[in-house]
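A quick write-up on the structure given underneath.
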Amino acid sequence: MQVFYRVRPGHHPITPFVIEQDGHPAPCCEDMRSHWGTLIGFGVKDCPRSGSKEVNIWTRIPQAKGGYVWSVTPICFCPWCGKAVEICRVK
């Protein structure tokens, strides 16, 4: 499975660049297709532009005061079929 991304200039001195997914990947299996964007995806959940250029499993962690934060765990292989996940930069 290949996932393409672009690097764009940021708008703040702290973030000189941001990374965003370029297009939609062709999933390697039906399970990946059904979970892409909900349980697994590029970068950080609900953040289309971030500093992360990995495909991650997203886990929602409840907080004491009622909210939640997203935990991201990078993966290199599909958890269902075992095929490699390639991250490819588009220039």
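Rule-based calculations on the coordinates, nothing more; no lab input. Because the structure is predicted, anything quoted here is derived from the model rather than measured. Positions of Cβ are generated from backbone atoms using ideal geometry, with glycine treated the same way; all protein chains shown enter the neighbour counts.
Quick notes on this structure:
- Additional length obtainable on full extension of the chain from residue 70 to residue 8, 0.36 nm per residue less Cα span: 20.0 nm
- Percentage relative contact order, the chain, counting C-alpha pairs under 8 Å, at least six apart: 31 percent
- Amide H contacts under 5 Å for residue 10: 17, 18, restricted to partners 5 or more places along the chain or on a different chain, H placed in the peptide plane at 1.01 Å from N.
- Each residue, residue 88 and residue 38, gets one label point 7 Å from its Cα in the Cβ direction; the gap between the two is 2.7 nm.
- Sequence-distant residues sharing a close amide H with residue 85 (under 5 Å, placed H): 77, 78
- Per-residue Karplus couplings for region 12-22, computed as 6.51 cos²θ - 1.76 cosθ + 1.60 with θ equal to phi - 60°, are listed in order as 8, x, 6, 10, x, 8, 10, 10, 9, 5, 10 Hz, Gly and Pro entered as x.
- Estimated distance in nm for a label pair at residue 29 and residue 52, the labels positioned 7 Å out from Cα along Cα-to-Cβ: 2.2 nm
- 3J(HN,Hα) from dihedral phi, region 46-53, Karplus parametrisation 6.51/-1.76/1.60, rounded to Hz, x for glycine, proline: 6, 9, x, 10, 8, x, 9, 10
- For residue 28, residues with placed amide H under 5 Å, excluding near neighbours: none
- In terms of surrounding Cβ atoms within a 10 Å radius of their Cβ, 46, 31 rank from fewest to most as 46, 31.
- Per-residue ³J(HN,Hα) for region 78-91, Karplus 6.51 cos²θ - 1.76 cosθ + 1.60, θ = phi - 60°, Hz, x for Gly and Pro: 4, x, 9, 9, x, 6, 5, 9, 9, 9, 10, 7, 9, 9
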